[in-house]
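The values are calculated or read from the model by the stated rules, or taken from the named source; none is laboratory data. Bear in mind that the values here come from a model prediction, so they are computed numbers and not experimental data. Here the Cβ positions follow ideal geometry from the backbone for every residue, glycine too, while neighbour counts run over all protein chains shown. The accessibility values were calculated without ligands, DNA or RNA, using every heavy atom of the protein model including side chains. Shrake-Rupley method; radii C 1.70, N 1.55, O 1.52, S 1.80 Å.
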Amino acid sequence: MSILNDISSFLQQGRAPKVKELVAQALEEGIPAQEILEQGLLDGMSIVGEKFKNNEVFVPEVLIAARAMNMGTQILRPHLVEAGVEEKGTVVIGTVKGDLHDIGKNLVKMMMEGKGLKVVDLGVDVSAEQYVAAAKENNANVIACSALLTTTMNEMKAVVDLASQEGIRDQIKIMVGGAPITQHFCDSIGADAYTPDAASAADEALAFCQAV
Ligand code: B1M
């Protein structure tokens with residue numbers, strides 16, 4: 001079994017120290033960080049997600065797998081983030097109100113930092129008021145909203161609407177993403193961009209910042 005399969009399998013078992021150790025070992029063996037992320041960590045997490053959907057595992061198991069995922073990504077972080085010295089723009093990021101999923105949001109943040117962007121991370125369960133206040137305070141170019149639940153994705157519309165009410169809509173781009181989000185949804189709420197993954201989110205945010 002390859003080391004990437006082992007990482008996936010230990011992640012599924014929630015064995016964080018083992019995941020951490022193998023991620024470090026894979027890096028030492030010269031496996032690219034992106035490959036470790038996709039074929040090791042994300043592979044394991046998507047299997048956990050499938051089992052969660054089928055009621056084969058439950059919230060506690062998912063939580064310990066998520067903790068293992070986070071430990072693995074922490075080791076990968078410096079290799080994924082080759083941050084530019086000069087800041088190229090500012091992004092305010094968070095997971096929308098009512099939603100506690102942050103693994104994808106953290107990956108998006110990491111990739112954006114890797115493009116030399118300053119990222120202000122508001123965490124999870126972020127209200128429209130918090131996004132807009134932080135965008136104003138930090139003179140941000142982009143608000144980036146992540147949602148993983150179909151029940152919370154409509155919070156993104158509240159962010160777009162509040163940015164308009166507060167008169168900053170024409171100065172800021174609003175990006176949306178997360179598993180239930182689609183281009184159609186993005187268009188329907190009047191957001192500026194939907195991207196399906198962390199790498200394309202970072203490219204898009206950089207493009208917005210450079211267009212200012
Ligand atoms: Co939750 N959960 N969860 N969960 N969970 C899902 C999302 C679910 C699909 C599982 C399922 O049923 N198959 C389901 C949602 C169903 C739906 O809404 N239709 C679900 C549910 C129902 C729930 C609870 C309600 C369960 C319960 O309590 N009964 C509950 C809700 C809690 C809450 O938020 N209020 C809950 C809780 C949890 C845990 C706390 C246990 C844990 C989260 C831990 C954490 O994040 N710290 C958890 C997890 C881990 C998952 C799954 C298994 C994995 C999510 C994940 O991290 N994926 C998930 C099943 C699945 O997705 N297969 C599931 C890996 C991550 C890298 O992917 O976040 O999609 P993702 O990010 C991607 C892209 O979407 C994109 O980039 C990333 C990759 O490049 N992206 C963006 C993300 N944000 C972006 C923003 C952008 C652009 C791209 O621009 C701004």
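A full extension of the chain between H79 and Q165 corresponds to an added length of 26.9 nm, given 0.36 nm per residue minus the alpha carbon distance. Reducing segment 111-144 and segment 190-212 to their Cα centroids gives an inter-centroid distance of 13 Å.
Backbone phi angles across segment 68-73, fed through the Karplus curve with coefficients 6.51, -1.76 and 1.60 (θ = phi - 60°), yield HN-Hα couplings of 5, 4, 5, 5, x, 5 Hz in residue order; Gly and Pro are listed as x.
Let me make sure I get this right: for segment 90-212, a, b and c are the square roots of the gyration tensor eigenvalues over alpha carbons, sorted descending. Under 1.5 in a/c it's rounded, otherwise prolate if a/b > b/c, else oblate. Which is it? Rounded shape, in that the Cα axes give a/c under 1.5. Mean residue ellipticity at 222 nm, helices only, the chain: -16000 deg cm²/dmol; runs of at least 4 DSSP H residues each add -39,500 (n - 2.57), and the sum is divided by the number of residues. Over the chain, Cα pairs under 8 Å with separation of 6+ residues give a relative contact order of 17 percent.
Dipole orientation for segment 65-165: of the candidates N138, M71, V159, M71 has the Cα lying most toward the positive pole (charges on Cβ; Lys, Arg +1; Asp, Glu -1). In the chain, taking the dipole from charged Cβ atoms about the Cα centre, the farthest positive-side position among Q210, M112, G98 is held by G98.
Between D43, D197, D187, the residue with the greatest mean-square fluctuation in the GNM of the chain (Cα pairs under 10 Å linked by springs) is D187.
Converting phi to 3J(HN,Hα) with the Karplus coefficients 6.51, -1.76 and 1.60 and the offset θ = phi - 60°, segment 89-94 yields x, 10, 10, 9, 10, x Hz in sequence order, with x at every glycine or proline.
In this structure segment 49-155 gives 50 Å² per residue of accessible area when probed at 1.4 Å with all protein chains present. So, with a 1.4 angstrom probe, what is the percent of accessible area on segment 72-212 that is carbon and sulfur? Ligands and nucleic acids excluded, carbon and sulfur reach 49 percent. Among the GluC sites (Glu not before Pro) found in segment 28-99, those both in a DSSP coil and sparsely packed, with 15 or fewer other Cβ atoms within 10 Å of their Cβ, are E29, E56, E82, E86, E87. When +1 charges are put on Lys and Arg Cβ atoms and -1 charges on Asp and Glu Cβ atoms, the dipole computed for segment 110-212 relative to its Cα centre reaches about 140 debye.
Ordering 202-208, 177-183, 138-144 by mean Cβ neighbour count within 10 Å, with the highest value first, yields 138-144, 202-208, 177-183.
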